[in-house]
Every structure is written in C-alpha cells, then in structure tokens.
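S.K.: I have a structure I would like to understand better, so I am pasting it below and will then ask my questions one at a time.
The values are calculated or read from the model by the stated rules, or taken from the named source; none is laboratory data. Quantities reported herein were computed from a predicted structural model and do not represent experimental measurements. Positions of Cβ are generated from backbone atoms using ideal geometry, with glycine treated the same way; all protein chains shown enter the neighbour counts.
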Amino acid sequence: MLTPLDSKQWDLTKAAHLLNRAGFGGTPEQIEAVHAAGMDNAVKALLDAPDDSAQFPHPADIAPLNYFEMRQQMMALPEADKKEKQKAIQKQLREGMLGLVGWWLDRMARTTNPAREKMTLFWHGNFATSAQKVKQGYLMWQQNETLRQNAFGNFGTLTKAVSRDPAMMIYLDTRESKKEHPNENFARELMELFTLGIGNYTEDDIQNSARAFTGYRIDGKDETFRYVPFQHDDGPKTFFGKTGNFGGDDIIDMILGKPVCAEYIAHKLWKFYAYENPGQALVQQLGTSFRGHNYEIKPLMAEIFRSAEFYSPNAIRMQIKSPVQWMVQTSKILEMDLPPTIVAVNALRQLGQVPFAPPNVKGWDGGKAWITTSTLLFRYNLSNFALNSGQLNLPEIKRITEAAKAAGRPDKEVENRKPVDLAKIAPPDLRADPQKLVTALTMRLFQSPLSAKETKPFLDFLKEKNNDTSDQTVRELLHLMMSTPQYQLT
C-alpha cells in the first residue's frame, strides 16, 4: 500500500494539485470547495462523478461510412465525376475530424466529470491510434467512447475491447490478418507498448499471438467488429510456454497473468498523473496493488490520489503541462471559452499534441519533449491571443487565421472571440492594492504561493506602470505571468 496522506497536511495547494492532475484544474472557488470537502470526499467525488454524456451528444459532422453503398454509388458515376466525389468524401472526412477534436476539447473544458476525461486522455496515449491512417471521424469517436466507458473499469476488459475496436484494427492492420498470412503489428504493439514493455516477450510469442487475432474483421455496412471463423487460425499455438488453441482474449488473459503487466501500466499511470522516474520499489508497490485490485483501475487511482507520495515535492508543480492540459486548464482558470476550433487545432499542432493524431503508435513522449524554443514562444504568443482576442497581428496567429480561411471557416469565428472577463479575474477591490492583485492572480494562475524573487517582476511591472491597473495593464500583467516557466508547470 502507498502511504496515505495525513489529513492534517491537506491544504489549498494539495487541493489544487488534485484538481490539476486528476482533471484539468479549477478556479480559486473550486479549489476552495475541494479543500473544504477534505481529501477523501474530494477524491470520491472526482472518481464517482455522475455520467454527463447527455451534455455532449454525438458530434454532428461524423457518421459511419457504408462502404458497400459507397462503392455502388461510385461505380454508377461517370468516370469524370468519380474524382469529384472522392474529393467531396475526403473533405467530409477532414471536416468531421476537425469537428471531433473540437468536440472533445469542449468536453474536457466543460465536463462535470473531469477525472473521466483525463483518464480517457491517458488511455488515448496508451492505446495510441491516429486519424491520419484511420481517417474516419466516426471510428475515432467510437474508440474514444470505448476508452471513456472503460476508463475506470477493468484493464483486461478495456484491452479486449480495444483489440476489437475498428479504429485500432485499421491502425494496426488486424482487419487484414488471415490465417494464411497473420499480421503481427497488433500482437507486437499489444505487448511492446500497450501492456508489457520491451524485453518481456519473444519473437515467437509475437508470431503465435498474431495467429490468435486472425479472423477479426469490420462490417462494411455499419463499421462494427465482426468475427469471421473461417479466417481464424484454430491450430495449436505456443505462447509464454503454454500450448493451446488460443484466441485473442486468451492471449490477453495470459498477458495479464504476468506481474510485469501490472507494474508496466501502473508505472505509466504514475508518470502521467504524478511524476517521472519513480523508484523501482514504488513501481513494484503500485504493480502489487494493481494486481491486488484484480486490474480494477478506479481503486488503484483512489489509492494514488490519497497517497502522500502523490502530494510530495517531487509531484506538486513539477510536471510540464501537455499542450492539451495547457489549453484546457487555461480556459478553466481564466473562466473563458476555448479558442475557436480551427485556432485550437492549429495551435495544438504547433505545440505538438493534437487529439486523435499521436505522432506514432508509441503516443506522445511528454515531459521535457513538450518544450522547445519554438513551442515555448508559441505558448507565450497563444497566451497573448487568449487575453487579447482582437490582437491578431502575431505571425503565428496570422498563420492560424489564414488556415481558417483556407478551411472555409468564417473569419468571424476567430474575430468575434470574447476576451477574458476581467470583472471576474480582477475585480475593483483587488486593483486598489497592487500587492493584493498580484497575490490573487498568482493563486489563480499558479495555485500556490511563489517566492518573493519570483513575484518581484510582477510588482515591478506595476510600478513601471505607476500602479495603473486599467484593463489593458491587467491583461499585460496576466500575459507576463503566463509567459514564465512557472506557468508551464502544473
């Protein structure tokens, strides 16, 4: 068992840490409410939050493609019209994916169940699948729903569901695997990246397990999984030293039987939610706990979120915000809308993390990989755009708006964006005292006190402005604070 945090150590900084890591942050009022509830109640409320799917209906721009019907329509068209039809389909697919990314970002920002969305984002990185190959927004949405529905369920159940997921079957070629020519892509990544890690299986294990996943197909009429027995290799297979007529689920069960599987996933969870490079003793402890919970995810996360280790100096404000975390958390703590979808997607592309488009099957590296000279500068400029919606003269923002025009998006979607509501962020009673203003904005943006050295540039800035606290000055102060290394951490 991890060491439970002493309730006497529960404070506002730890309450903010829980909201930031289990979800996407919160306002000062939300942090205070979580603190007042106490750690145990706060963790329970996050993990047991009611399903809010009714608030986020199926994205309107995506639908399953009936390939049988589409093929018949294409065959009936004159040759000259086929290219135009193909272009129209490609445009439809692109628009659908753009809308899907916007739909999920909006859900992350407005959900009443942030822990589930954050866990869905984790599983998306673990079972990485890219729309670049899948192409269909509907299938990517379908996978996203599978991850969400199983986010806090059983890891074995989730892994089996992913093995039958049409988007994954396209991405790693399971749908093309036949008993005469079993495709090894999914079998390899299942062990190397999804469950075990390199060094915990052999090439023979890959080849034999690939045979177990033959016969998996996608129904061309409704884009759902179907099993084709005559394409399945039903001969004996040797896997992890055992021989039998194994199917895909049998392979996954045997993988779960290896203690290293629990350690591997628990390690990834800890890295995502707490900090990188935990000691081997902690990893073994987490793995033992995960196996003790029979691979149930929610009790493991409850244990993590209540542990002293999770709230240690190694964890609090020591994680670089991912681009998605940066964007969603910024919208939440400043109580403002997300950027328009076309701006958000292009910005996340510049920053290195577009949902539904991981760079490869490994997912995103995260950590220090999020920060380069160019991505850090872009974060600063994006902060400026967020705070000053009409200020579109920045080169990066100009490129984004030009992309919006190229995509046929109306300029008004960008130009009519409302700036941050300073009446909420910096009301008149705060502006009367520069020290009080800086303290309040520090707690809002950083969720914990900064040192006098770290705070001095903010107070000096106001002194240079003769302690003017007009709206424009406050926006400039906020931009200065958001353009610090500290703001890139959570």
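S.K.: Being within 17 Å of the chain's Cα centre (by Cα) and assigned to a helix (DSSP H, G or I) is the filter here; which residues of segment 268-296 pass it?
M.R.: Lys268, Leu269, Trp270, Lys271, Phe272, Tyr273
S.K.: Can you report the number of residues in segment 235-265 which are among the charged types (D, E, K, R) and free of Cβ contacts under 8 Å to residues at least 40 places away in the same chain?
M.R.: Final tally of qualifying residues: 4.
S.K.: Just to confirm my filter: which strands (runs of 3 or more DSSP E) fall fully inside segment 173-243 and include at least 1 residues that are among the hydroxyl-bearing types (Ser, Thr, Tyr) and closer than 22 Å to Leu158 by Cβ?
M.R.: 216-218, 225-227
S.K.: So which residues in segment 279-320 are closer than 20 Å to Val34 by Cα and among the hydrophobic types (A, V, I, L, M, F, W, C), if there are any at all?
M.R.: Met301, Ala302, Ile304, Phe305, Ala308, Phe310, Ala315, Ile316
S.K.: On the basis of being in a helix (DSSP H, G or I) and farther than 30 Å from Lys368 by Cα, does Ile251 make the cut?
M.R.: Yes.
S.K.: Return yes or no: is Phe225 more than 30 Å from Gln73 (Cα to Cα) and in contact (Cβ under 8 Å) with a residue 40 or more places away in the chain?
M.R.: So Phe225 fails the test.
S.K.: Considering only segment 35-53, state which residues are farther than 16 Å from Thr146 by Cα and part of a helix (DSSP H, G or I).
M.R.: Those that are farther than 16 Å from Thr146 by Cα and part of a helix (DSSP H, G or I): His35, Ala36, Ala37, Met39, Asp40, Asn41, Ala42, Val43, Lys44, Ala45, Leu46, Leu47.
S.K.: In segment 159-205, how many are among the small types (Gly, Ala, Ser) and crowded, with 20+ Cβ neighbours inside 10 Å?
M.R.: The qualifying residues number 4.
S.K.: Does Ala131 count as more than 14 Å from the chain's Cα centre (by Cα), buried (at least 18 other Cβ atoms within 10 Å of the Cβ) and under 30 Å from Ala187 (Cα atoms)?
M.R.: yes
S.K.: Provide a single number: the residues in segment 1-42 that are among the basic types (Lys, Arg) and under 25 Å from the mean Cα position of the chain (by Cα).
M.R.: Residues that pass the stated criteria total 2.
S.K.: Might you let me know whether segment 235-253 holds any residue that is out of contact with any strand residue (DSSP E or B) (no Cβ under 8 Å at 6 or more places or on another chain), at pLDDT 95 or above, among the aliphatic types (A, V, I, L, M) and crowded, with 17+ Cβ neighbours inside 10 Å?
M.R.: yes
S.K.: Taking the condition buried (at least 21 other Cβ atoms within 10 Å of the Cβ) and of a type in the set (Ser, Thr, Tyr), does Thr112 pass?
M.R.: no
S.K.: Test Leu256 against the stated conditions and say whether it is on the phi < 0 side of the Ramachandran plot and touching a Ser or Thr at 6+ places or on another chain (Cβ under 7 Å).
M.R.: Considered against the rule, which asks whether it is on the phi < 0 side of the Ramachandran plot and touching a Ser or Thr at 6+ places or on another chain (Cβ under 7 Å), Leu256 comes out as no.
S.K.: Scan segment 333-359 and report the pairs whose first residue is polar (S, T, N, Q) and whose second residue is assigned to a loop (DSSP other than H, G, I, E, B), with Cβ atoms within less than 6 Å and a gap of 6+ or a chain change.
M.R.: These pairs meet every condition: Gln353/Ser322; Gln353/Trp364.
S.K.: From the list Phe310, Phe290, which one is buried (at least 19 other Cβ atoms within 10 Å of the Cβ) and touching a Lys or Arg at 6+ places or on another chain (Cβ under 9 Å)?
M.R.: Phe310
S.K.: Just checking, how many residues over segment 101-136 are within 27 Å of Thr195 (Cβ to Cβ), part of a helix (DSSP H, G or I) and not hydroxyl-bearing (Ser, Thr, Tyr)?
M.R.: Qualifying residue count for the region: 18.
S.K.: Is there a residue in segment 197-220 that is closer than 30 Å to Asn20 by Cα and either out of contact with any helix residue (DSSP H, G or I) (no Cβ under 6 Å at 6 or more places or on another chain) or modelled with pLDDT of 95 or more (or both)?
M.R.: So far as segment 197-220 goes, yes, one or more of its residues are closer than 30 Å to Asn20 by Cα and either out of contact with any helix residue (DSSP H, G or I) (no Cβ under 6 Å at 6 or more places or on another chain) or modelled with pLDDT of 95 or more (or both).
S.K.: Being without any contact (Cβ under 8 Å) to a residue 24 or more places away in the chain and within 12 Å of Phe213 (Cβ to Cβ) is the filter; apply it to segment 146-180 and report the residue that is nearest to the chain's Cα centre (by Cα).
M.R.: Asp173
S.K.: Taking Ala302 as the residue in question, decide whether it is more than 17 Å from Leu196 (Cβ to Cβ), more than 17 Å from the chain's Cα centre (by Cα) and either without any contact (Cβ under 8 Å) to a residue 40 or more places away in the chain or part of a loop (DSSP other than H, G, I, E, B) (or both).
M.R.: For Ala302, the condition - more than 17 Å from Leu196 (Cβ to Cβ), more than 17 Å from the chain's Cα centre (by Cα) and either without any contact (Cβ under 8 Å) to a residue 40 or more places away in the chain or part of a loop (DSSP other than H, G, I, E, B) (or both) - is not met.
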